[in-house]
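Below is one structure, written out as structure tokens; comments come after it.
The values are calculated or read from the model by the stated rules, or taken from the named source; none is laboratory data. Since the model is a prediction, treat every value here as computed from it, not as a measurement. For neighbour counting, all protein chains shown are included, and Cβ atoms are generated from backbone atoms with ideal geometry for every residue, glycine included.
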Amino acid sequence: MLSSNPMRALCLLLPPVCVLTVVLGTTPAGAQVRRALVEPPDAKKEVAKVKVDLLKADPGLASCAPKRHQTQDGVDWMCKVGALRVAANAEVLDVETPLDKNKPLQRRARLVSLALDTADALAFFQPQGSSLEDLPKWKVASQGEACRAAQDLFAAIAQVPENKPVAGLLLDGFSEKDAPRLAGRGLKEVTCTCHERTLSLGRSGMLSDRDEAMARAQRAFYAVGCNLKTTGRESSLVTIKKDKTEVDLTPVGGKTRPADLDREDATRVAERRKVELNMCVESNARGPTAVEKMVRCACPLMERWRFPKREVEGTLSIQVVVAEKLAPVTLDINNKGVVEKCAP
């Protein structure tokens, strides 16, 4: 006769299953998965302080006014994190006062730390039952706003002269009490980790790299110099300044796609198929004659290649290095992915 307790009956019949159930439990993988969407302590209070005019002045957050940033809906979570970002950036950067007495900088660091925590609240959120279709987009958009907050602080401190009291924060980070998420970590590391997390969230949610928020995260990753092993006041800060309107201020949900991402896609195709051109390179071939022979052989092959279609009109040019000792070949590709011209 079986026990009236289904779990006990299962253990009697199938002991291994019982052991696995006890060890693994019934909770989802990852202890941080949350069934309820709750903002961190202090976030609600800080977000409520943000003036509507600050939201309206930000191109990416104008649609959040007047009160979307104060709701508890996942679709509006970007507005909540964005409000923390603009509040942080509104703090005047005082570079002459040491951190222990520098109230504006302490507050800015706390707001950036809070923005990262608030974005994570949505990142770890998993609703009961089937997931919401647009949840990955909401997560990526919210994480992107937190990354912008960290990136703005990184750029601001990186431009502080090294003889100023707060310059060391660039590499040493803040204290645990001032900003837990920035404690003891270089600001570039914090920013790059955030951008990587944005991309990981999108890819795990099956978002295409062509999605606007994903494209912006990729551009920011390279603009900040996350692909470089340097720290401190590296030259990538010049790129941040130059590309600020493109990297930071594009509203989520737009239809544009940065041209350099189209170029990356096309270059990836060319690199994958370049092995087909090996027969066009003579060993020890050098000089103009060798280039001419290589082009006559390689161009007809490459003109058959097809590249990703683009949403914009015009020609995209990429260079293909067929042989290291010879000049590269330039391909002009139209928006339909067809090679229109091939020449050295």
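Picking from residues in region 200-214 that are buried (at least 20 other Cβ atoms within 10 Å of the Cβ) and aliphatic (A, V, I, L, M), the one that is nearest to Leu122 (Cα to Cα) is Leu201.
Among the residues of region 295-344, those identified as under 32 Å from the mean Cα position of the chain (by Cα), free of Cβ contacts under 8 Å to residues at least 24 places away in the same chain and not in a loop (DSSP other than H, G, I, E, B) are Ser317, Gln319, Thr330, Asp332. If you go through region 99-138 and keep only what is of a type in the set (Phe, Trp, Tyr) and closer than 30 Å to Leu170 by Cβ, you end up with just Phe124.
Residue-by-condition table, conditions (1) hydroxyl-bearing (Ser, Thr, Tyr); (2) in contact (Cβ under 8 Å) with a residue 24 or more places away in the chain; (3) surrounded by 15 or more Cβ atoms within 10 Å (Cβ to Cβ):
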residue: Lys49; (1), (2), (3): no, yes, no
residue: Val52; (1), (2), (3): no, no, no
residue: Leu55; (1), (2), (3): no, yes, yes
residue: Pro66; (1), (2), (3): no, no, no
residue: Gly74; (1), (2), (3): no, yes, yes
residue: Trp77; (1), (2), (3): no, yes, yes
residue: Leu84; (1), (2), (3): no, yes, yes
residue: Lys101; (1), (2), (3): no, no, no
residue: Arg107; (1), (2), (3): no, no, yes
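Do we find that Lys293 is surrounded by fewer than 17 Cβ atoms within 10 Å (Cβ to Cβ), over 30 Å from Gly82 (Cα atoms), in contact with a strand residue (DSSP E or B) (Cβ under 7 Å, 6 or more places away or on another chain) and modelled with pLDDT of 75 or more in this structure? Spelling it out, it is not the case that Lys293 is surrounded by fewer than 17 Cβ atoms within 10 Å (Cβ to Cβ), over 30 Å from Gly82 (Cα atoms), in contact with a strand residue (DSSP E or B) (Cβ under 7 Å, 6 or more places away or on another chain) and modelled with pLDDT of 75 or more.
With respect to the conditions (1) assigned by TED's automatic domain parsing to the domain that holds Phe125; (2) under 24 Å from Leu201 (Cα atoms); (3) modelled with pLDDT under 90, Val81 lacks only one, and its number is (3). When you check Ala150 against the structure, is it within 22 Å of Lys80 (Cβ to Cβ), crowded, with 24+ Cβ neighbours inside 10 Å and at pLDDT below 90, yes or no? No, not satisfied. Those helices (runs of 4 or more DSSP H) of region 152-228 in which at least 1 residues are free of Cβ contacts under 8 Å to residues at least 60 places away in the same chain and under 22 Å from Val140 (Cα atoms), considering only elements entirely within it, cover 187-204, 212-223.
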